[in-house]
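Okay, structure first, notes after.
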Amino acid sequence: MRRLTLPLAFLLAASLAALGLSASVGSANMALAELWAVLSGSGDPLSRTLILELRLPRSLSAFATGGLLAVAGALMQVLLRNPLADPYVLGLSGGAAVGALAAMLAGLGGMVISGSAFAGALLSTLLVFGLAHGTGSWTPSRLLLTGVVVAAGWGAVVTLMLALSPAERLPGMLYWLMGDLAYARAPMPSLLVLVLVCLLGFPLGRSLNVLARGPMQAAALGVAVRPLEWTIYITASLLTAMAVTTAGSVGFVGLVVPHMLRLVLGNDQRLILPACALAGGTLLVLADTLARTVIAPEQLPVGVITALIGVPTFLYLLYRSR
């Protein structure tokens, strides 16, 4: 038990530190004493508005999005038995992008864009699963190839929509495609889903550990392989859909974080899933803090920061594990 709690305690402390840094740093920096005063119920009205209505909801949304993507990536890597799998490999982000861009082209905004993105991600999930299943049972390689083809199709539709879009709407659409947390103001649904999945994933940890070694070994040890694979696929798809709905397409979090944690902590899914939630959330909170401060008052898309961090990190991990 100590082997499980010590890493999680360290990651929890890092998460709280990242959230505190994100809430303190910005166009108007705030001392830790002022931040504590606001969180404890006092503080001046301007500071309360800045923290409670602007920075903290955005930071919590970034944490929830990063956690969702990292947990979804860990589940996809178990399902496909491929350490290079990530949440976007099955075309979910492409379906969400088409739904969101269609709402933007129609002049809609706010919750309608989020709802359209979620609907597009679910449509892509059903499409990939239906095509991969066919008249028989699907295999990881068949599922992966179907997802790649569907993702390519969504990419072509996105390119067509961008080419036909009015010039004044292109910046917002491109920012969404690169990942943007500027309008994320409702973190609680994503946080609740993240906590629920981690809690439910713990009792399934042993079955996931066996499945990661292959379906034949899992079946021989009494694991219901097909229902478990369906559960993993649907759960990972819903997590990715919620993350894309909140922040757009944010790359590399679901690929790098699970891979890095497995090198450090091993491959026990009872530890990896909650560790991914904490580490992925921390990474995206820090990336979003950089995105909105490095060239302030202008903001960068958070997906640019995660790519700049993720590419060299992943190349180093590959070099180290040769």
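Tabulated values for the structure
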quantity	calculated
Euclidean distance of C-alpha centroids, the stretch 159-220 and the stretch 274-293, integer Å	14
10 °C / 1.306 mPa s Stokes-Einstein diffusion coefficient of the chain, Kirkwood radius on C-alpha pairs, µm²/s	78
Which of Arg58, Arg226 has the fewest Cβ neighbours within 10 Å, and the rest in rising order	Arg226, Arg58
Within-14-Å neighbourhood charge of Pro57 [Cβ basis; K, R +1; D, E -1]	+3
Debye, to nearest 20: dipole size of the stretch 1-127, +1 on Lys, Arg Cβ, -1 on Asp, Glu Cβ	360
Charge dipole magnitude, Cβ of K and R +1, D and E -1 - the chain, Cα centre, debye nearest 20	940
Among Ser27, Ala163, Gly281 - extreme Cα towards positive end, dipole of the chain, charges at beta-carbon	Gly281
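Laboratory data are not the source of any read-out in this text; all were calculated from the coordinates shown. Values in this document were obtained by computation on a predicted structure and should not be read as measured data. Positions of Cβ are backbone-derived with ideal geometry, glycine not excepted, and every protein chain shown enters the neighbour counts.
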